[in-house]
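S.K.: Here you go, one structure.
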Amino acid sequence: MSLVQQIIDRAKSNKQRIVLPEATEERTLRAADRVLAEDIADLILIGNPDEIHALAKEWGLEHIDKATLIDPENNPKSEEYAELLTELRKKKGMTIEKARELVKNPLYLGCMIIKTNGADGQISGALSTTGDTLRPALQIIKCSPGITCVSGAMLLITKQPQFGENGILVVGDVAVTPMPDAAQLSQIAVCTAQTARSVAGFEDPRVAMLSFSTKGSATHEVVDKVIEATRLAKELDPTLKVDGELQADAALVPSVGAKKAPGSEIAGKANVLVFPNLEVGNIGYKLVQRLGDAEALGPILQGIARPVNDLSRGCSVDDIYKMVAITACQAMDAK
């Protein structure tokens, strides 16, 4: 069974409530219809109900009536949400008047629904920028306990079963934090391991903190950062299996790992890779994807207390469909 099907089956086994705040966008509504038809998640669609129904009829979508529809311009909970948002943001100068306007914004409204336990996760980005997706999430839902930075993980499904977990690797950060310091890098390690558990289904995440050096083979301040991040990651999660600094071959190839890092429980056995910065991570996963003909799923945002995921504005119906299942799996673990 493919990893994607495993993720879908896991989502079906414990249905979560996922908000789609861009519900009048065609790809989003078509993906929603498919999710509802296959009973993968309970969906909350934000948009004018008459418009959503008219579009569903025009496009031949038969399952939209299974969703909960919320009109941001005529929502009976608007005042409740505005008062809560004012309280949450009062130190930042939020007024009730500004809050009343913001809770009509579908991205803010979705996060308020999650904050008040009316939903478990949200997906947007088909029409919105990453900044617009993240801003209400960080203002309202905030980061997970002990985490101060958001990052993005990617699932790499390769054709090389000898590496990772039968050819599957979870890597981060590939999407959000350009130059993490040691503390942030340690948080990325912990969060990426958690994504490996909740989404990829890894029972035993083994985290390699990557560098151009393995165990002192080179000296540089950027190597020192990885060494310190490894130490901090162990403090942040004492149960985490993590080692560094390791070169990529030492992390993945048993014979190289045994030679370069003898005695390491991670070297040659890693299934989670943490890149030293976003530049390396983004370039690295795209090289594997294109030159290695690997399937890349994500990015999956991590570090937020409840899952809020960002889509590319060039996303497909299938991308949104898969991200609903991924977000549902994250949500199960966030409770």
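The values are calculated or read from the model by the stated rules, or taken from the named source; none is laboratory data. Nothing here was measured: the structure is a model prediction, and the numbers come from that model. Here the Cβ positions follow ideal geometry from the backbone for every residue, glycine too, while neighbour counts run over all protein chains shown. Remember, those area values only see protein heavy atoms, side chains included, never the ligands or the DNA or RNA. Shrake-Rupley method; radii C 1.70, N 1.55, O 1.52, S 1.80 Å.
S.K.: Can you confirm whether residue 19 is touching a helix residue (DSSP H, G or I) at 6+ places or on another chain (Cβ under 8 Å), of a type outside the set (D, E, K, R) and under 15 Å from residue 330 (Cβ atoms)? Even if it seems obvious, please write down each step before you answer.
M.R.: Working: touching a helix residue (DSSP H, G or I) at 6+ places or on another chain (Cβ under 8 Å): yes; of a type outside the set (D, E, K, R): yes; under 15 Å from residue 330 (Cβ atoms): yes.
Yes; evaluated as a whole, the condition is true for this residue.
S.K.: Against the condition within 28 Å of residue 241 (Cβ to Cβ), open to solvent by less than 10 Å² (accessible area, probe 1.4 Å), among the β-branched types (Val, Ile, Thr) and within 15 Å of the chain's Cα centre (by Cα), how does residue 174 come out, does it pass?
M.R.: Values: within 28 Å of residue 241 (Cβ to Cβ): yes; open to solvent by less than 10 Å² (accessible area, probe 1.4 Å): yes; among the β-branched types (Val, Ile, Thr): yes; within 15 Å of the chain's Cα centre (by Cα): yes.
Here the answer is yes, as residue 174 does meet what is asked.
S.K.: Looking at the structure I just gave you, is residue 188 of a type in the set (Val, Ile, Thr), in contact with a strand residue (DSSP E or B) (Cβ under 6 Å, 6 or more places away or on another chain), open to solvent by 10 Å² or more (accessible area, probe 1.4 Å) and in a helix (DSSP H, G or I)?
M.R.: no
S.K.: A further question on this structure: Would you check which residues across segment 54-79 are over 22 Å from residue 16 (Cβ atoms) and without any contact (Cβ under 8 Å) to a residue 24 or more places away in the chain and list them?
M.R.: 54, 57, 58, 60, 74, 76, 79
S.K.: Look through 31, 37 and report the one residue that is crowded, with 17+ Cβ neighbours inside 10 Å, closer than 30 Å to residue 155 by Cβ and either of a type in the set (Gly, Ala, Ser) or out of contact with any strand residue (DSSP E or B) (no Cβ under 7 Å at 6 or more places or on another chain) (or both). Before you say what the answer is, go through the steps one by one.
M.R.: Working: 37 fails: crowded, with 17+ Cβ neighbours inside 10 Å.
Criteria check complete, one pass: 31.
S.K.: Only one of (1) among the β-branched types (Val, Ile, Thr); (2) open to solvent by 10 Å² or more (accessible area, probe 1.4 Å); (3) not in a helix (DSSP H, G or I) fails for residue 19. Which number is that?
M.R.: The failed condition is (2).
S.K.: Next question, about the same structure. Taking the residues in segment 41-74 that are among the small types (Gly, Ala, Ser) and within 18 Å of residue 320 (Cα to Cα) as candidates, determine which candidate is nearest to the chain's Cα centre (by Cα).
M.R.: Selected residue: 41.
S.K.: Moving on to the next point. Going residue by residue through segment 243-261, is there one that turns out to be modelled with pLDDT under 95 and of a type in the set (D, E, K, R)?
M.R.: No, there is no match, as no residue in segment 243-261 is modelled with pLDDT under 95 and of a type in the set (D, E, K, R).
S.K.: Would you tally the residues in segment 22-43 being assigned to a loop (DSSP other than H, G, I, E, B) and within 18 Å of residue 66 (Cβ to Cβ)? Walk me through it before giving the result.
M.R.: Applying the first criterion (assigned to a loop (DSSP other than H, G, I, E, B)) to segment 22-43 yields 22-25, 38-41.
Applying the additional criterion that residues be within 18 Å of residue 66 (Cβ to Cβ) yields 23-24, 38-41.
Here the count works out to 6.
S.K.: Which strands (runs of 3 or more DSSP E) does segment 230-335 wholly contain that include 1 or more residues that are in contact with a His (Cβ under 9 Å, 6 or more places away or on another chain) and open to solvent by less than 70 Å² (accessible area, probe 1.4 Å)?
M.R.: Where strands (runs of 3 or more DSSP E) fall fully within segment 230-335, none carries at least 1 residues being in contact with a His (Cβ under 9 Å, 6 or more places away or on another chain) and open to solvent by less than 70 Å² (accessible area, probe 1.4 Å).
S.K.: Kindly indicate whether residue 280 is in contact (Cβ under 8 Å) with a residue 24 or more places away in the chain and β-branched (Val, Ile, Thr).
M.R.: Spelling it out, residue 280 is indeed in contact (Cβ under 8 Å) with a residue 24 or more places away in the chain and β-branched (Val, Ile, Thr).
S.K.: Sticking with this one: Can you spot a residue in segment 212-228 that is of a type in the set (Val, Ile, Thr) and either closer than 25 Å to residue 331 by Cβ or in contact with a Phe, Trp or Tyr (Cβ under 7 Å, 6 or more places away or on another chain) (or both)?
M.R.: There is no residue in segment 212-228 that is of a type in the set (Val, Ile, Thr) and either closer than 25 Å to residue 331 by Cβ or in contact with a Phe, Trp or Tyr (Cβ under 7 Å, 6 or more places away or on another chain) (or both).
S.K.: Going through 163, 212 one at a time, which residue ends up being at pLDDT 95 or above, farther than 26 Å from residue 320 by Cβ, open to solvent by 20 Å² or more (accessible area, probe 1.4 Å) and touching a helix residue (DSSP H, G or I) at 6+ places or on another chain (Cβ under 6 Å)? Let's see the steps before the verdict.
M.R.: Working: 212 fails: touching a helix residue (DSSP H, G or I) at 6+ places or on another chain (Cβ under 6 Å).
Of 163, 212, the one residue that is at pLDDT 95 or above, farther than 26 Å from residue 320 by Cβ, open to solvent by 20 Å² or more (accessible area, probe 1.4 Å) and touching a helix residue (DSSP H, G or I) at 6+ places or on another chain (Cβ under 6 Å) is 163.
S.K.: What number of residues within segment 93-114 satisfy the criterion of being at negative phi and without any contact (Cβ under 8 Å) to a residue 40 or more places away in the chain?
M.R.: Residues meeting the conditions: 14.
S.K.: Consider residue 222 carefully, then state whether it is over 17 Å from residue 149 (Cβ atoms), assigned to a helix (DSSP H, G or I) and modelled with pLDDT of 95 or more. Explain how you work it out, then say what you get.
M.R.: Details: over 17 Å from residue 149 (Cβ atoms): yes; assigned to a helix (DSSP H, G or I): yes; modelled with pLDDT of 95 or more: yes.
Yes.
S.K.: If you check every pair at least six apart or on different chains, which have Cβ atoms under 7 Å apart with a residue in segment 1-15 that is under 13 Å from residue 327 (Cα atoms) first and a residue that is open to solvent by less than 30 Å² (accessible area, probe 1.4 Å) and β-branched (Val, Ile, Thr) second?
M.R.: Hits for this filter: 7/199; 7/326; 8/40; 11/40; 12/40.
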